[in-house]
Every structure is written in C-alpha cells, then in structure tokens.
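The values are calculated or read from the model by the stated rules, or taken from the named source; none is laboratory data. Predicted, not measured: the structure shown is a model, and the values here were computed from it. Neighbour counts are summed over all protein chains in view; Cβ atoms, including those assigned to glycine, are modelled from backbone coordinates with ideal geometry. Please note that ligands, DNA and RNA were not included when accessible areas were found on the heavy atoms of the full protein model with its side chains. Shrake-Rupley method; radii C 1.70, N 1.55, O 1.52, S 1.80 Å.
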Amino acid sequence: MRARSNEHEPAPEFDRARLPRHVAIVMDGNGRWARARHLPRTVGHQRGRRAVRATIRAAMRRGVPLLTLFAFSSENWKRPIEEVDALMKLFINALEKELDELDENGVRLSFIGERSRLDEQVRGLMEAAESRTAGNDRLHLQIAVSYGGQWDILQAARRLAERQAETPVDLDDPETLRASFVAGLSTGDQQPPVDLFIRTGGEHRLSNFLLWQMAYAELYFTDVLWPLFDEAEFDRALAWFGNRDRRFGQVAEGGKA
Ligand code: IPE
Ligand code: IPE
Ligand code: MG
C-alpha cells in the first residue's frame, strides 16, 4: 500500500473543489465473486483485501480526507458461525499486517460500531491501532465493524437522555438539540457528513450503513464485485461525483430551475 507507487501514472484530473470530504463504501460482492469461480466465500473475503488496499491508496492519492469502509454489519452476525469467524480472523490478520504501513503513510485509523459484541483480542487491537495512529493526518480511515446505522442513532439517543439527566440543556432550541444529538453519534461532531456513498456488487440499498450521516450523500452504485474494485473504479466514482449538482433542498446556483 505504498502511497507513491503509482505517482507517474497518468490519471484524470479532478477539480479539488469538487472532491468529496467524506467517502463511505459498502464493500459488497465477495461471496458472488468466489461463487462464480467455484471457490469458498471466504476466499472472496480474502481477495477483498486487495481492493481495500487499492482504495486506501486511491483516496490518499486524490486527497480525500475521510474514508469510511463498511467491513461488518450488525446484521452480518446472523451469518453462519464459520463465516463470521473467518471474517473476524481476516480482520485481525489484516490489522496486524497493515498497521505499520498505514502508520508510515500517515493514516489515522479509527473504528465505529458496537464494540461490546467483539471479542477482547479484536477490541485490544482496535484500541492499540487507534492510539498509535491518533496523530496522523494524511487520511482518516474509519472502519465500520459490528456497525448498524440504526444502532448508531439509538445509542446517540440514549447518550442524549443520559446527559440530559445529569446536565440538562435546552432541547427546545433546535440547534442545541441537534448539536447534543450529533455529539453522541459514533462519528461525533467533528466529521463532515458523507458526500459520496459507493456500493459495489450491484445491489441498490443502504443495508443499514451510516443512515444519519448520509442524509445528503450522492449515491453511486456499481456492478463491479468488491474483489475487482480498484483505483480506476474509485476514480470513476470521483469523476461521477464531480458532475453532480448538489442542491441541498435549495435552487440551483444562480437561482435557475
Ligand atoms: C461483502 O461481501 C462482505 C461482507 C458483507 C462482510 P458479501 O459476503 O456480502 O458478498 P455477497 O454479497 O454474498 O456476494
Ligand atoms: C452490507 O453488505 C454490509 C457490508 C458490506 C459489510 P451485505 O451483503 O451484508 O448486505 P445485504 O445483506 O445484501 O443487504
Ligand atoms: Mg453481500
């Protein structure tokens, strides 16, 4: 995952002003990639790691400041135990192997999701990676593990209720209500909302990803299966994003319809 390995490659130019501040990706299609090759689903997950590396490299090269990857959802716990175990092992392995290089490249790692459902070894590795890379600022790589958008909203609501019982604020004031709620989300109140959502694997759904944070995200779907996603595919999504007319409920620039 060398950041500089492809610097001589000609690449499409992007208007930096039209670069998303936050890209969030549902990395889907590992199982189908494997099935098409008569391989076990786990091989598909293993292959997906390559795509993760390529995507991180592309995000760094393009200067995207925040990348959130959906690695394991709240609902993925319902998969067969063998697959869940294999995914967790793969996650541990990837974290152990990639951490040095990510750190050297200035990547700050953090994780969102329901940690209490993860075993101690995983939690320990996550915390160690977070504290080790906390001072890095080239790319913030946020991995969603045991994550669900509804879980995130519910736990933010609970935190708000708990804080309100201790030190009440004026929840009748819409700004205060919003700020107090957002501070309790797993993404906190410092991150930009998701500008660009990417889903590979051909399905057109959110699958309980960052629901609150994607309120105004541009949604990009591609049939490419995750193990085949690469820097060129990432660039394609960025180029598509650059051509969106984002109105946020208002009228187009210059007041035209
Ligand atoms: C995405 O690939 C990886 C995870 C959800 C962990 P899938 O395992 O969902 O692959 P498909 O959708 O069955 O092809
Ligand atoms: C979403 O993919 C979760 C991850 C990529 C981690 P799924 O494959 O689990 O989603 P569904 O089941 O197709 O909605
Ligand atoms: Mg899937």
Single condition Ile153 does not satisfy, out of (1) in a helix (DSSP H, G or I); (2) of a type outside the set (Gly, Ala, Ser); (3) in the same structural domain as Asn76 (by TED's automatic domain parsing): (3)
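Is it true that Arg53 is more than 16 Å from ligand 2 (Cβ to nearest atom), basic (Lys, Arg) and in a helix (DSSP H, G or I)?
Yes; evaluated as a whole, the condition is true for this residue.
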Just need a number here: residues in segment 178-229 that are outside any loop (DSSP other than H, G, I, E, B), within 15 Å of Ser73 (Cβ to Cβ) and over 12 Å from the mean Cα position of the chain (by Cα). 1
When you look at Glu231, is it charged (D, E, K, R), open to solvent by 30 Å² or more (accessible area, probe 1.4 Å) and modelled with pLDDT of 95 or more, yes or no? no
Over 18 Å from the mean Cα position of the chain (by Cα) and either surrounded by fewer than 19 Cβ atoms within 10 Å (Cβ to Cβ) or at pLDDT 95 or above (or both): which single residue out of Glu75, Glu104, Glu98 fits that description? Glu104
Residues that are surrounded by 13 or more Cβ atoms within 10 Å (Cβ to Cβ), more than 23 Å from Thr55 (Cβ to Cβ) and small (Gly, Ala, Ser), drawn from segment 167-225: Ser180, Ala183, Gly184
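Residue by residue through segment 114-123, note down the ones that are surrounded by 12 or more Cβ atoms within 10 Å (Cβ to Cβ) and either touching a Lys or Arg at 6+ places or on another chain (Cβ under 9 Å) or assigned to a helix (DSSP H, G or I) (or both).
Scanning segment 114-123 gives Arg115, Arg117, Val122, Arg123.
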Look at Ile56 and say whether it is under 15 Å from the mean Cα position of the chain (by Cα) and either more than 15 Å from ligand 1 (Cβ to nearest atom) or open to solvent by 60 Å² or more (accessible area, probe 1.4 Å) (or both). yes
How about segment 1-41: which of its residues are farther than 25 Å from Ile143 by Cβ and either modelled with pLDDT under 90 or touching a Pro at 6+ places or on another chain (Cβ under 9 Å) (or both)? Glu7, His8, Glu9, Pro10, Ala11, Pro12, Glu13, Asp15, Arg16, Ala17
Taking segment 60-99 and keeping only residues that are within 15 Å of Phe234 (Cβ to Cβ) and in a helix (DSSP H, G or I), one is left with Met60, Arg61, Arg62
Among all residue pairs at least 6 apart or on different chains, which show Cβ distances below 7 Å where the first residue, located in segment 137-151, is touching a residue at least 40 places away in the same chain (Cβ under 8 Å) and the second is crowded, with 21+ Cβ neighbours inside 10 Å and polar (S, T, N, Q)? Gln142/Thr68; Ala144/Thr68; Tyr147/Ser73; Gly148/Ser73
Would you please list the contacts, defined by Cβ atoms under 7 Å and residues six or more apart or on different chains, that run from a residue in segment 185-198 that is more than 17 Å from Ala59 (Cα to Cα) to a residue that is surrounded by 16 or more Cβ atoms within 10 Å (Cβ to Cβ)? Leu185/Asp152; Leu185/Ala156; Leu185/Trp212; Ser186/Ile112; Ser186/Asp152; Thr187/Ile112; Thr187/Gln213; Asp189/Val182
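Only one of these is in contact (Cβ under 8 Å) with a residue 60 or more places away in the chain, open to solvent by 20 Å² or more (accessible area, probe 1.4 Å) and more than 14 Å from the chain's Cα centre (by Cα): Arg50, Arg41, Arg35. Name it. If you could, list the steps in order and put the result at the bottom.
Numbers: Arg41 fails: in contact (Cβ under 8 Å) with a residue 60 or more places away in the chain; Arg35 fails: in contact (Cβ under 8 Å) with a residue 60 or more places away in the chain.
So the residue among Arg50, Arg41, Arg35 that is in contact (Cβ under 8 Å) with a residue 60 or more places away in the chain, open to solvent by 20 Å² or more (accessible area, probe 1.4 Å) and more than 14 Å from the chain's Cα centre (by Cα) is Arg50.
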